[in-house]
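Beneath this line is the structure, given in structure tokens, with notes to follow.
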Amino acid sequence: MGKYFGTDGFRGEANVKLTVDHAFKVGRYVGWYYGRGHKAKIVIGKDTRRSSYMFEYALVAGLTASGADAYLLHVTTTPSVSYAVRTEDFDCGIMISASHNPFYDNGIKLLNGNGQKIEASIEERIEAYLDGEIAEPPLATREDVGRTIDFASGRNRYIGYLISIPSRDFKNIKVGLDCSNGSSSAIAKSVFDALRAKTYVINNAPDGTNINTNCGSTHIEVLQRYVVDNGLDVGFAYDGDADRCIAVDHKGNIIDGDKIMYVCGKYLREKGQLNRDTVVTTVMSNLGLYKALEREGMRYEQTAVGDKYVAENMLENNYSIGGEQSGHIIFSRYAATGDGILTSLMLMEACVEKKATLCDLAKEMKVYPQLLRNVRVADKQEARENPAVVKAVQAAAEALGNDGRILVRESGTEPVIRVMVEAGTDDICRKEVERVVKVMEAEGLIVE
């Protein structure tokens, strides 16, 4: 990760860590970089944060000053920007969003011409420009100054695309949608209504400051209560920019990303659409997912934490489905990035096609108890490679055997070592986590 760009774009508190000046300069560089040799076309979407409008105007000023044309999708989802880029011949896409973060944060996500997260090499160039290490790009003049074009029609085409994907409609199925007062508020209900579901929607009245506030995929308990209290068949909760989805069955059980990958992976395999019978996960997926996949004769691959790494693995190996426990799921046949609304449609199709409830399909996967402890240390590498710590981790792994696992990794953003254990019981998880943490403490590696 770079100085400004992490695994999910340039993100931080608006006008504190991420400023209007940053946004203007990102626009300046992107407009110049993609406009070498031709007139660049850049498409922009934003979520419902109050600061998203501010950053949109700053980006547009930078882009057009460098001679690029800026096409505005307005309030929309990250996957809709990805769709527009790869189907409408844009050079680049920009999404203004901090995803599941609180409203006062914001972010700039850059997508390449294939609708995927932009290459690290380009992010490095932008960072160098932000730090004054690259000369100012030339300003466009006269007829070369860029234009701003209203492109709301692009969002409508994306809605039509989503509606075309399921092989059957959802007539009379009672579906609850928690739109997180975010991007999906402008899209999700239209899609489910068109597919003839009985759609019940909550948290779809964004005011600029209520995005992700006690709602959406990060506060799934709200949708759990709503589904049970209203006797709904299923519910789906999205995050702020709707690239994630967490589901709830009719009993109020949570169907997280791991269970979604199991249900959809198995369904795709039965249809002959699971390339090489493989599901791509991160190392943080639950052990129960791996055991369920093995039982069904499916393979899996693991990547580092971050949907970016999942997407890279899928592209390189032409895999069909991959994702994270958080509900960021990629279906490569239909999209180049995670898409929360698409994920909910795929789950619905599996239920309708198999004439089963989501509860029935998901209960085949047993979730192993999991405990994650974040330990603040002075030096991450020293703590992870300490001989006594390595020995303690090995002892924990041997004690867990085939009925559990331990994962010790460095945080990518904080001076923290993450110690995660999965096992048959909560007590075993606690015991093995404490085994490692106590050694780190005894070795003087932990700081307050």
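A short reminder: the numbers here are calculations on the coordinates, not readings from a lab. Note that the structure is predicted; figures quoted are calculated from it, not measured. Reconstructed Cβ throughout: ideal geometry from the backbone, glycine too, with neighbour counts over all protein chains shown.
Quick look at the values:
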{"read-out": "For the stretch 5-153, average projected area of the Cα convex hull in nm²", "value": "8.0 nm²"}
{"read-out": "Scaled radius of gyration (Cα, divided by 2.2 N^0.38 Å) that the stretch 183-247 gives", "value": "1.06"}
{"read-out": "Globularity ratio of the stretch 165-362, using Cα Rg and 2.2 N^0.38 Å", "value": "0.95"}
{"read-out": "Within straight-line cross-link reach of residue 380, lysines at Cα separation under 27 Å, skipping those fewer than 8 residues along the same chain", "value": "3, 17, 308, 391, 431, 438"}
{"read-out": "Neighbour-count order for 155, 196, fewest beta carbons within 10 angstrom listed first", "value": "196, 155"}
{"read-out": "Debye equation applied to the C-alpha atoms of the stretch 35-116, log10 I(q)/I(0) at 0.12, 0.13, 0.19, 0.25 Å⁻¹", "value": "-0.31, -0.36, -0.75, -1.19"}
{"read-out": "More than 42 Å apart - percent of Cα-Cα pairs taken over the chain", "value": "17 percent"}
{"read-out": "Proportion of all alpha-carbon pairs of the stretch 321-411 beyond 23 Å (%)", "value": "51 percent"}
{"read-out": "Debye log10 I(q)/I(0) for the stretch 370-442, one point scatterer per Cα, at q = 0.24 Å⁻¹", "value": "-1.05"}
{"read-out": "Two-decimal ratio, the stretch 102-204, of alpha-carbon radius of gyration to 2.2 N^0.38 Å", "value": "1.58"}
{"read-out": "Ratio Rg/Rh [Cα only; Rh per Kirkwood] for the stretch 258-406", "value": "1.03"}
